[in-house]
Amino acid sequence: MFAYRAGAAPVIDDVTLDVPPGVVCALTGPSGSGKSTLLYLLALMLRPTGGEVVWDGQPASGLPDAARSRLRAAHVGFVFQDALLDPSRTVLANVCDSALFAGMPRATATARARDLMTRFGVEHRGDHLPGEISGGQAQRVAICRALLTDPRVVFADEPTGNLDDSSAEVVWHALTNHAATGATVVVATHDKALAARADHEVRLAVDGGITTRTRVTQ
Ligand SMILES: Nc1ncnc2c1ncn2[C@@H]1O[C@H](COP(=O)(O)OP(=O)(O)OP(=O)(O)O)[C@@H](O)[C@H]1O
């Protein structure tokens with residue numbers, strides 16, 4: 001359970017889900033149903049008001065702030081809705097900063113960042129500021145940032161929302177390939193076609209509650 005203010009109606013109520021490794025889970029539901037909020041809870045950026053987030057069988061949401069930050073830095077890549085790049089840092093710095101914070105050597109981070117940026121077609125934008133690139137490019141930069149540490153868990157909030165079909169395909173393939181390495185990938189999306197391609201779908205309802213679907217592969 002989670003409410004943004006004490007005494008306010010909960011935004012997330014009575015939601016239980018289990019996301020196994022090695023799959024892509026799509027989080028769907030109408031606007032305002034709590035998809036972003038649930039991603040923030042799962043990624044330990046918000047603390048549940050009631051209930052618990054468990055990682056690898058260990059209670060995680062009740063840990064002190066510093067311990068949750070360390071877990072996030074070590075294991076999580078997060079693609080925010082609208083990219084959320086630091087406007088004062090170059091694109092390359094945006095891609096590298098959280099990996100440097102997590103302890104990756106600068107040379108390694110830079111080399112990996114350049115590889116990823118080439119894969120996502122934004123390598124020529126490394127020295128630019130986020131204000132100088134397009135929304136779709138910013139979204140691809142945000143994906144590079146999220147994948148840089150090869151994290152065990154990736155949360156992506158509308159990662160293809162600003163992209164044309166071919167860029168969206170590249171991003172989707174990157175996320176599914178990442179899951180295929182054994183990582184857990186949770187994608188909040190309004191795109192029904194994309195959700196239908198995920199291994200699991202968790203659909204949030206505005207009045208609380210969820211329904212789930214697991215894709216059956218023949
Ligand atoms: N920082 C906040 N403070 C208070 N209420 C918030 C905050 N962020 C979101 N909410 C409310 O929580 C509810 C769920 O919002 P959330 O952004 O999680 O939904 P969503 O399903 O991701 O929506 P969308 O598809 O439009 O992005 C909404 O009613 C929203 O107004």
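The values are calculated or read from the model by the stated rules, or taken from the named source; none is laboratory data. Predicted model only: the values in this text are computed from it and were never measured. Here Cβ is always computed from backbone atoms with ideal geometry, including for glycine, and neighbour counts include all displayed protein chains. Accessible surface is based on the protein model in full, side chains and every heavy atom, while ligands, DNA and RNA are left aside. Shrake-Rupley method; radii C 1.70, N 1.55, O 1.52, S 1.80 Å.
Quickly run through region 153-174 and pick out the residues that are among the small types (Gly, Ala, Ser), farther than 14 Å from residue 137 by Cβ and either open to solvent by 20 Å² or more (accessible area, probe 1.4 Å) or modelled with pLDDT of 95 or more (or both). Selection gives 156 alone.
Which of the numbered conditions does residue 83 fail, given that it passes all the others? Conditions: (1) of a type outside the set (D, E, K, R); (2) on the phi > 0 side of the Ramachandran plot; (3) over 18 Å from the mean Cα position of the chain (by Cα). Every listed condition holds for residue 83 apart from (3). Residue count for region 4-49 under the criterion of being open to solvent by less than 60 Å² (accessible area, probe 1.4 Å) and either in a strand (DSSP E or B) or in contact with a Pro (Cβ under 7 Å, 6 or more places away or on another chain) (or both): the result is 7. Yes or no: residue 65 acidic (Asp, Glu) and either open to solvent by less than 40 Å² (accessible area, probe 1.4 Å) or within 16 Å of the ligand (Cβ to nearest atom) (or both)? Taking the combined requirement at face value, the residue does not satisfy it. Out of the residues in region 188-209 meeting the condition of being in contact with an Asp or Glu (Cβ under 8 Å, 6 or more places away or on another chain) and open to solvent by less than 60 Å² (accessible area, probe 1.4 Å), tell me which one is nearest to residue 76 (Cα to Cα). Here the answer is 188. In this structure, does residue 57 turn out to be within 28 Å of residue 167 (Cβ to Cβ) and not β-branched (Val, Ile, Thr)? Considered against the rule, which asks whether it is within 28 Å of residue 167 (Cβ to Cβ) and not β-branched (Val, Ile, Thr), residue 57 comes out as no. Does region 5-53 hold any residues that are under 15 Å from the mean Cα position of the chain (by Cα) and under 19 Å from residue 64 (Cβ atoms), and which are they? Across region 5-53, the qualifying residues are 40, 41, 42, 43, 44, 45, 46. Screening the candidates 112, 72 for the property of being under 19 Å from residue 178 (Cβ atoms), more than 16 Å from the ligand (Cβ to nearest atom), more than 17 Å from the chain's Cα centre (by Cα) and surrounded by 15 or more Cβ atoms within 10 Å (Cβ to Cβ) yields one hit, 112.
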